[in-house]
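Asks: Before we start, here is the structure in question, set down as structure tokens.
Nothing in this text is a laboratory measurement; each read-out follows from the coordinates by a stated rule. On a predicted model such as this, the values are computed, not experimentally measured, just so you know. Positions of Cβ are backbone-derived with ideal geometry, glycine not excepted, and every protein chain shown enters the neighbour counts.
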Amino acid sequence: MNSVAPGSVASHHYFDRDVGSMAVKLLPSEYYVTTTDTVLTTVLGSCVSACLVDIDNGVAGMNHFMLPDDGDASARDQTESMRYGAYAMDVLIRELLRSGARRERLQAKVFGGGAVLANMTTLNIGDRNADFVLRYLRAERIAVAAQDLRGPYARRVCFIPSSGKAVVRKLRGQADVQTIQQEENELLRKLAAPRATAGTVRPNSIAIGDTGLLVKNKGTS
């Protein structure tokens, strides 16, 4: 496997007041592996994050991917490939093992896959992401210790590597949901643009037109 582009490693370090600790925030297409007590956080809509940990060896990591599988990762630059679950999971596991984790000791906690993208329910992106990550971990024989997948809401995930504990907060506020909708729609628009320009769609790819990317503001309690 090729090396990972530097931009794929999360770089937003900050002090998280909720947990009283230094933290790293992951954006879509990023991952992070640590052997310290640095907390890992992310915000998810239809995207999915896998949190993997080897408690005995003190190695943990998280990723954040947008779509389940590319089908042709070799045709894309490495940062873009991190948007896809198959590549993002491969990279996360590889970097965990490089940092001292043992594959047979890895445990996973997985989150996200919410139905938050307006007018895109027919694509079932959140469901596809959720199905993919569970199928991938089952194939790799990595135990899933906890999961919070699907549902009509976004999530904020806080993963504490030192204990393997994950704290999930459901984001139900209208402003939170609209922000996530706009961010994910913009990312999907950028993802679809090269395919529209090329005029071809591979069998396993997703083609998204302008109509499917429009966000209707819906009240959320």
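Asks: If amide H atoms are built 1.01 Å from N in the plane of the peptide, which residues on other chains or at least 5 residues away come under 5 Å of the amide H of Tyr153?
Replies: Here the answer is Ala115, since their amide H atoms fall under 5 Å of that of Tyr153.
Asks: Once R0 is set to 25 Å, what does the formula 1/(1 + (r/R0)^6) return for the Cβ-Cβ distance between Ser162 and Arg141, expressed as a FRET efficiency to the nearest 0.05?
Replies: Working: r = 25 Å, r/R0 = 1.00.
Calculated transfer efficiency: 0.50.
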